[in-house]
Structures are given as C-alpha cells and as structure tokens.
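Some notes on the structure that comes next.
The values are calculated or read from the model by the stated rules, or taken from the named source; none is laboratory data. The structure displayed is predicted, hence computed values, not measured ones. Cβ sites come from the backbone with ideal geometry, for glycine too, and all protein chains shown count toward neighbours. The accessibility values were calculated without ligands, DNA or RNA, using every heavy atom of the protein model including side chains. Shrake-Rupley method; radii C 1.70, N 1.55, O 1.52, S 1.80 Å.
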Amino acid sequence: MTCSCLDRRDLGLLLLRAGTGGVLAAHGAQKLFGWFGGHGLEGTGAFFESIGYAPGKRNALVAGLAEAGGGALLALGLATPAAGSAAAGAMAGAAAVHAPSGFFSQGGGYEYPAFLGLASAALAVTGPGRYSVDHAVGHSLNRAWMVPAALAGTAVGVLVTLAARNKNVRESASPEE
C-alpha cells in the first residue's frame, strides 16, 4: 500500500524549483542591489555596456528583474510559465556572452547559464507540481495556453536583444574612421 499524500515527482519539482529559483534570485540580486558580492545596477550597467548590451543600465535592470523575479517566482511555484520563461531568456543572453569561450565554464564558457536556462524552461513547460503556490491558488497563473505564449514572447525579446547586442559588438569592433 502506498501513501498518495507524498508524490516523489512533486517533491522532485519542488527541489528543482527551489534550487534553480534560489540561484537565479541570488544572481539577479547581485545585479539589482549589489548583494552577494555583486556590483549593483551602476556597476552591472557599465559592464553590460562594455559587452554590447546598450544602454547598459536598462539592460542590467531587465536582466536583474528577469533573474531575481523569475527565480523567486520559480522557487515559490507561482506564475511558473512566465517565471521560467523570463529566467530562461535572461540566461540565453548570458550564454551568448560566454559562447565565444566554448562550452565548459572553467574556460569561461556558456555551460552554467545554459543549464540554468534549460532548467528554467523545463519548469515553465512541466509546471510547478503540487507543492507550489500555483497549485494552492488553482493554477490561475499556470494555464496550458500560457506556456507557449510565455516562451514565444521571451523568444522574441531575446532575439531582438541579441540582434541589437550583435550590432553593437560589430560596430565597436570595426575600425573608426
């Protein structure tokens, strides 16, 4: 006889959400507030500007909100499609910066942001499980139609942002006349 009160799949989703969301929330707090050894909006904005995300401060704010907000919402299991999509989008932007250094993170590659982004996207698709705020409120912010809408909206935003960044990088690399 098994107990239906504890579903290991739901427990696994809780652990994945809490871990992934917590890491993303902390990472975003570095950008937004300078917590955990981060540089805050001013420092992160200057860095973003230097790597082609112009204007730097606005892009740092958007990335920080997507990471901190998306991460916190993922950890709670609230608005899971939007939260996972936002976090995945932020990680796509980070992966683009690290891509020239290859895959593995010890060489500066995109391994870590790719993993966080894939885990976030998987949670957006899979849903938060029973041990979540979404479940407690009847999944009003976690409807099936929200998954493709959130992922498509994020994909458009990422493509536009990366196109602008790539243009800025190309322009800064070309010799000035």
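Taking only DSSP H segments of four or more residues, each worth -39500 (n - 2.57), what value at 222 nm results for the chain once the sum is divided by all its residues, to the nearest 500 deg cm²/dmol? Working shown, then result.
Values: 7 runs with 125 residues, N = 177.
Rounded to the nearest 500, the figure is -24000 deg cm²/dmol.
In whole Å, how far is the Cα centre of the range 70-140 from that of the range 1-56?
Rounded to whole Å, the Cα centres lie 8 Å apart.
Would you please give the FRET efficiency between A155 and R9, computed as 1/(1 + (r/R0)^6) with r the Cβ-Cβ distance and R0 = 25 Å, to the nearest 0.05? Write down the numbers at each step before the final one.
Values: r = 28 Å, r/R0 = 1.10.
With a Förster radius of 25 Å, E is 0.35.
Order S120, S140, most accessible first, counting only protein heavy atoms with a 1.4 angstrom probe. Please list the in-between numbers first.
Details: S120 0, S140 55 Å².
Per-residue accessible area, sorted high to low, gives S140, S120.
Are there chymotrypsin sites (Phe, Trp or Tyr not before Pro) in the range 78-127 that DSSP marks as loop and that have at most 14 other Cβ atoms within 10 Å, and which are they? Display every interim value, and only then the final one.
Numbers: sites: F103, F104, Y110, F115; in loops: F103, F104, Y110.
Passing both the DSSP loop test and the Cβ count: F103, F104.
Which one, P81, P175, H27, is farthest towards the positive end of the dipole of the chain when Lys and Arg carry +1 and Asp and Glu -1 on their Cβ?
P81
Once fully extended, how much extra length lies between N168 and A99, figured as 0.36 nm per residue of separation less the alpha-carbon to alpha-carbon distance? If you can, show how the numbers build up before the last one.
Working: separation 69, 0.36 × 69 = 24.84 nm, distance 1.66 nm.
Separation in residues times 0.36 nm, less the Cα-Cα distance, equals 23.2 nm.
Expressed as a rounded percentage, what relative contact order does the chain have, with Cα pairs under 8 Å and six or more residues apart? It would help to have the intermediate numbers written out before the result.
Working: 288 pairs, mean separation 40.2, N = 177.
Here the relative contact order equals 23 percent.
I need the phi-derived Karplus couplings for the range 121-126: 6.51 cos²θ - 1.76 cosθ + 1.60, θ = phi - 60°, integer Hz, Gly and Pro marked x.
5, 4, 5, 4, 6, 6
I need to check one value: relative contact order of the range 84-177, counting alpha carbon pairs closer than 8 Å and at least 6 residues apart, in percent. Present the calculation step by step, with values, prior to reporting the outcome.
On the way: 79 pairs, mean separation 26.4, N = 94.
Averaging sequence separation for qualifying contacts and normalising by length gives 28 percent for the range 84-177.
Relative to the first principal axis of the alpha-carbon coordinates of the chain, what is the inclination of helix 56-76, with its axis defined by its Cα atoms, in degrees from 0 to 90 and to the nearest 10?
Orientation of helix 56-76: about 10 degrees from the principal axis.
Using a cut-off of under 19 Å, list every residue of the range 5-22 whose amide N is near the label point 7 Å from the Cα of T126 along the Cα-to-beta-carbon line.
Once the point is set 7 Å along Cα→Cβ of T126, 6-22 turn out to lie under 19 Å by backbone N, inside the range 5-22.
Out of the total accessible area of the range 73-177 (probe 1.4 Å, heavy atoms of protein only), what percent is carbon and sulfur? Walk me through the intermediate numbers first.
On the way: 3880 of 5690 Å².
Ligands and nucleic acids excluded, carbon and sulfur reach 68 percent.
If you roll a 1.4 angstrom probe over the protein chains with everything in place, what fraction of the accessible area of the range 19-61 belongs to carbon and sulfur, to the nearest %?
Values: 1430 of 2160 Å².
Whole-percent figure for carbon plus sulfur exposure: 66.
If you roll a 1.4 Å probe over the heavy atoms of the protein chains, what accessible area per residue do you get for the chain, in Å²? Let's see the in-between values first.
Details: 9790 Å² over 177 residues.
Result: 55 Å² of accessible area for each residue.
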